[in-house]
Amino acid sequence: MAKRKIIIDCDPGQDDAINLLLAFAATDELDILGVTTVAGNVPLELTERNARLICDIAGRDDVCVYAGCSRPMVRALITAEKVHGTTGIDGIEITPPSRPLESRHAVDFIINSTLNAIDGPVTLVPTGPLSNIAIAIVKEPSILDNVDQIVLMGGAMREGGNYSPSAEFNMLVDPHAAHVVFECGRPIVVFGLDVTHQLLATRERIERIRALSTRAATATAGMLDFFNRHDTEKYKSGGAPLHDPCTVAYLLKPDLFECKDCNISVEIHSELTIGHTAVDFWGVTGKDSNAMWAYDVDADGFYDLLVEYLGRY
Ligand code: RIB
Ligand code: CA
């Protein structure tokens, strides 16, 4: 079976990093054309450095990292050091990456690699603010002819917001980019807080990962140890929700998730609710569906998958 061609666009961030480690282990299933980075959890100079460091931990010398937008399309950048730490991937030792950053801008890489992909389309896998994806679409709309799916982490319905009362972080940081992506007309699969908050990194799950004793698993456990502290205090929960790895887990084992065709619109006008994802789960607007909204997940199956692939290193 042909490998699925993907581009991961991310803002590492511990959960972005774990998503990369999951994807890098899927050497039989995924052909990773490249990793593009965007400002989000921490500024761009850290997200791109972090992505290159994760490539080293994974031993993936073949994967190139590109830097993209250092700010959202319209609004000023907001970052999340209170969640992710000042490095963005607190919980592991920060060492200088072994490979240089690619000189090409991430937006141009997304455009060129999608237009030039042969023998099959490309799946875009964004797990941060959607600035790079949106600007690539605006700059070169024809890339959409060769994009089969956009599989993204972002949004919220029943869970409410995690960075404002109404909006999830990725959508809040660049709501205008999110609007462009949700209106682009290509199939979108959306993993929002409603499903990620079912995937808590409990102490038992972290120790199960740590026991694998691979370099990638040890790094994952260390990042989760740090990543847990903010959300367990905020939500008084047994662990932090593991957001971004929903995207690659879906590519590898879609049956883990329950999804529903919905219309999803992003608020870009109201200062009070900007970035809110209006998920028309019950079809009350009569608008055409533009996305698959993930609303349930086999949590144990998800962590079994993560352990299986982290154990491959
Ligand atoms: O709201 C969670 C999302 O925001 C995740 O992608 C996390 O990495 C942060 O970017
Ligand atoms: Ca992210």
For the chain, what does the helix formula give at 222 nm: sum of -39500 (n - 2.57) over DSSP H segments with n ≥ 4, over the residue count, nearest 500 deg cm²/dmol? -10500 deg cm²/dmol
Which value, to two decimals, describes the C-alpha radius of gyration of region 214-275 once divided by 2.2 N^0.38 Å? 1.56
Could you list the residues of region 165-185 with an amide nitrogen less than 16 Å from a label point located 7 Å from the Cα of residue 284 in the Cα-to-C-beta direction? none
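Mind checking the alpha-carbon convex hull of region 1-72 and giving the volume per residue in Å³? Mind showing how you got there, number by number?
Working: hull volume 5.4 nm³, N = 72.
That works out to 75 Å³ per residue.
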Among 172, 46, 251, which one moves the most in a GNM of the chain with springs linking Cα atoms closer than 10 Å? 251
Specify whether the C-alpha gyration tensor of region 1-122 places it in the rounded, prolate or oblate class, a ≥ b ≥ c being the square roots of the eigenvalues: rounded for a/c under 1.5, otherwise prolate if a/b is larger than b/c and oblate if not. oblate
Order by neighbour count: 293, 282, fewest other Cβ atoms within 10 Å first, most last. 282, 293
Cut-off 10 angstrom, C-alpha nodes, Gaussian network model of the chain. Which of 169, 191, 281 fluctuates the most? 281
Neighbouring Cβ atoms within 10 Å as the yardstick, rank 193, 305 fewest first. 305, 193
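If each residue's Cβ is checked for other Cβ atoms within 10 Å, how do 237, 113, 270 rank with the fewest at the top? Walk me through the intermediate numbers first.
Working: 237 15, 113 20, 270 10.
Least crowded to most crowded, the residues run 270, 237, 113.
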For region 254-313, which GluC sites (Glu not before Pro) are in a loop by DSSP, counting at most 15 other Cβ atoms within 10 Å? 271
With no solvent and one equal point scatterer per Cα, compute the Debye intensity ratio I(q)/I(0) for region 82-124 at 0.17, 0.19 Å⁻¹ and report its log10, rounded to two decimals. -0.76, -0.80
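So which trypsin sites (Lys or Arg not before Pro) in region 233-279 pass both tests, a DSSP loop state and at most 15 other Cβ atoms within 10 Å of the Cβ? Please report the intermediate quantities before stating the final value.
Details: sites: 234, 236, 260; in loops: 236.
Passing both the DSSP loop test and the Cβ count: 236.
About the Cα centre of region 84-238, how large is the charge dipole given +1 on each Lys and Arg Cβ and -1 on each Asp and Glu Cβ? Please answer in debye to the nearest 20. Each step should come with its number before you reach the end.
On the way: 13 positive and 18 negative charges, 90 e Å.
Once rounded to the nearest 20, the dipole reads 440 debye.
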Considering the chain as a Gaussian network with a 10 Å cut-off on Cα pairs, which listed residue, 250, 235, 295, attains the greatest mean-square fluctuation? 235
If the cut-off is a Cα-Cα distance under 29 Å, which lysines reach residue 82, setting aside same-chain residues fewer than 8 apart in sequence? 234, 236
Points 7 angstrom from Cα along the Cβ direction at residue 142 and residue 70: gap in nanometres? 3.1
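Since every read-out is calculated from the coordinates, none of them should be taken as a lab result. The model shown is predicted, which means the values in this text are computed figures rather than measured ones. Here Cβ is always computed from backbone atoms with ideal geometry, including for glycine, and neighbour counts include all displayed protein chains.
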